[in-house]
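Scroll down for the structure; my scribbles are underneath it.
The values are calculated or read from the model by the stated rules, or taken from the named source; none is laboratory data. This structure is a prediction, so every number in the text was calculated from the model and none was measured. Methodologically, a virtual Cβ is constructed for each residue, glycine included, from the backbone with ideal geometry; neighbour enumeration extends over all protein chains shown. Accessible surface is based on the protein model in full, side chains and every heavy atom, while ligands, DNA and RNA are left aside. Shrake-Rupley method; radii C 1.70, N 1.55, O 1.52, S 1.80 Å.
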Amino acid sequence: MTNILEKVLFLPIVILLFILSGCSANKDTNEQESIAEKTFKEDWNSLQAYETPEWFADAKLGVFIHWGPYSVPAHGSEWYPRFMYQDSVQWHQTHPEKTRQGGHPTFAHHTEKYGHPSEFGYKDFIPMFKAEKFDAAEWVNLFKEAGAKYVIPVAEHHDGFAMYKSNFTRWNSVDMGPKKDILGEIAKAAKAAGLKFGTSSHFAFNWDYFNKAERFDTGNPEFADLYGPQHERYAPVSEEFIKLWWNRTKDIIDNYEPEVMWFDFYYDRPEFSAYHPKLAAYYYNKGLEWNKEVVLQSKNMGQASFPDGTFTLDIERGKMSKTHKETWQTDTSIGKNSWCYTEGWESKTAGSLIDDLVDIVSKNGTMLLNVGPKADGTIPESQAQVLLDMGKWLKMNGAAIYGSRPWRIFGEGPTEVAVGHHSEKKNKALTGEDFRFTTNNDKLYAIAMDWSDSGKMLVKSLAKNSEHCKWNINGVALMGSNADLKWEHTDEGLQIELPSEKPGDHAFVFEIDFGNEAKEATKNLL
């Protein structure tokens, strides 16, 4: 009787366990199917499913870091390694229309200070690159104080020196020079500070970066793994080199899990085309594996290498003329004349960079702003002060920037902005008649790019019952000011009487409240 009773009581438990195990199996199967549905394939149709993550669209400001052995000579620019090998022979070959005694000025400087490049080559700067004062946490704290939300140190520039522990080149910062995993230390510090971490690869151009003439150390096969293999100048990139580029890129992705992968030019050449969908699929799938939303950037919009909708566009030292539907990025430098630290470094002002940031954000972009540390690992005071001044402005006006989205129009005003890669030198200073618009939390922000000496401002796009403003304005406040602002909503526009004291030295943000109509008035129409 007891055995029968035990069997009767035990049977429901068995059935229950069977049901639960079936549910668990179904759950696992469903999860596997869900993951499989998300997995990207190496074709553009599959990769069209990529979307730039919201965190990146919200971030608005990141810090780029150009730092390497080229920081040791601190002369000219980060292209010192290339120009130091351009003697009069090579200069004449590449610039037949010009005559220059002594070749490139960098070649003349190098020969005078260090000796001929056959005796003192670029490789000889590496032992001098000690980074003895480098403190990743100190750097990241500065970047955070500046208001940056992500950090992108250069993993490897055209020079071929890896700023990380590489499994594919002996020329790396752990085995040579600093004897430190620079990339790893910055990644760790960024994570601890709550910033997103990314990195950049410029290695593709290593194929043609150095003049590999026999009269230089670049022509020595012993150093071909730094300077690149011998070949006819600008010959098609070999499959062997492309595989090396792929292995080094994959090495960075696998070991450092960057949330942004930024690539410089040259990997858009046709020889790399088979690797473009391969790279995108691999990186996006790694993001799924890490449970991270990742950003793959390229400088070319609408080209066959990376079709629209499969990547995030980056514009070097330039902007867009209007609002772009997809989030995009400008990369530029605090330095007017260089990305790496040089003795002749010329810093932009915080005011001009804030104006750039506002213009970019109003058009659905973000700014990646570069710093150039000295070879010892210190960030020069002039650069640090620019960052801190920007951070001070962002603490006051961040509601108009972080997490914001474009309005119906990006702005108004008489000053035209140059567009496209390397166009920033053409830009004129924006004025008190130039406004940019953003929206956030049902508020509209009208940002005046300068103060008006007249004591008044008129925002024409907010004219009463106009195309862009069919709603009643309920209130206007000047961020950073406690003044009781006087304003009037008229058929000519929003007329504002400025307080006697400015709330700062840079762009001025007016927060506009539409009351009960706020949701409709500030709707993002992208």
Item to complete: Report in % the part of the accessible area of segment 214-340 that belongs to carbon and sulfur, leaving out ligands and nucleic acids; probe 1.4 Å.
Response: 49
Worksheet item: For segment 122-132, what does the Karplus curve 6.51 cos²θ - 1.76 cosθ + 1.60, with θ = phi - 60°, yield as ³J(HN,Hα) per residue in whole Hz, taken in order and with x for Gly and Pro?
Response: 4, 4, 6, 7, 4, x, 7, 8, 9, 6, 5
Worksheet item: Can you pull the three principal axis extents for the Cα set of segment 219-291, in Å, largest first?
Response: 45, 26, 18
Worksheet entry | Distant-in-sequence amide H partners of Glu316 (H built 1.01 Å from N, under 5 Å) | Asp331, His422
Worksheet item: What is the set of long-range amide H partners of Val295 at a cut-off below 5 Å, with H atoms built 1.01 Å from backbone N?
Response: Val260, Met261
Fill in: Set of lysines with alpha-carbon distance to Lys123 below 24 Å, sequence-local pairs under 8 removed
Lys113, Lys133, Lys165, Lys179, Lys180, Lys212, Lys243, Lys374
Worksheet item: Amide H to amide H under 5 Å from Phe64: which residues, 5+ apart in sequence or cross-chain, H placed 1.01 Å off N in plane?
Response: Ile152, Leu369, Asn370, Val371
Fill in: Segment Leu526-Ala483, length gained on full extension (0.36 nm per residue, minus Cα span)
12.0 nm
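Stretched out fully, how many nm does the piece from Glu51 to Glu240 gain, at 0.36 nm a residue minus the Cα gap? Write down the numbers at each step before the final one.
Working: separation 189, 0.36 × 189 = 68.04 nm, distance 3.24 nm.
The Glu51-Glu240 span can extend by a further 64.8 nm.
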Worksheet item: Whole-Hz Karplus ³J(HN,Hα) for segment 468-481, in order, using 6.51 cos²θ - 1.76 cosθ + 1.60 and θ = phi - 60°, x for Gly and Pro?
Response: 9, 9, 9, 10, 7, 7, 9, x, 9, 10, 9, 5, x, 10
Fill in: Projected label distance in nm at Lys130 and His468, using a 7 Å step from Cα toward the beta-carbon
5.7
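Can you give the FRET efficiency to the nearest 0.05 for Glu222 and Lys41, using r as the Cβ-Cβ distance and R₀ = 60 Å? Present the calculation step by step, with values, prior to reporting the outcome.
On the way: r = 42 Å, r/R0 = 0.70.
Step by step, r from the Cβ atoms, then E = 0.90.
Hey, what's the Cα Rg ratio for the chain versus the globular rule of thumb, 2.2 N^0.38 Å?
Taking the Cα Rg and dividing by 2.2 N^0.38 Å, one obtains 1.15.
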Worksheet, complete the sentence: Per principal axis, largest first, the Cα atoms of segment 147-211 extend in Å by 41, 22, 16
Worksheet entry | Overall Cα dimensions of segment 339-466, principal axis frame, Å, largest first | 59, 31, 31
Worksheet entry | Whichever lysines have a C-alpha closer than 19 Å to that of Lys443, once near sequence neighbours (fewer than 8 apart) are set aside | Lys60, Lys363, Lys395, Lys460, Lys464, Lys470, Lys486, Lys519, Lys523
Worksheet, complete the sentence: For segment 244-347, the per residue accessible area (1.4 Å probe, Å²) is 35
Worksheet item: Given the C-alpha centroids of segment 236-251 and segment 320-382, what is the distance between them in whole angstrom?
Response: 30
Worksheet item: Across segment 369-376, in residue order, what do the Karplus-derived ³J(HN,Hα) couplings come to in whole Hz, using 6.51 cos²θ - 1.76 cosθ + 1.60 with θ = phi - 60° and x for Gly and Pro?
Response: 9, 8, 10, x, x, 6, 4, 7
Worksheet entry | 20 Å cut-off, amide nitrogen to a point 7 angstrom out along Glu119 Cα→Cβ, residues in segment 190-221 | 213-220
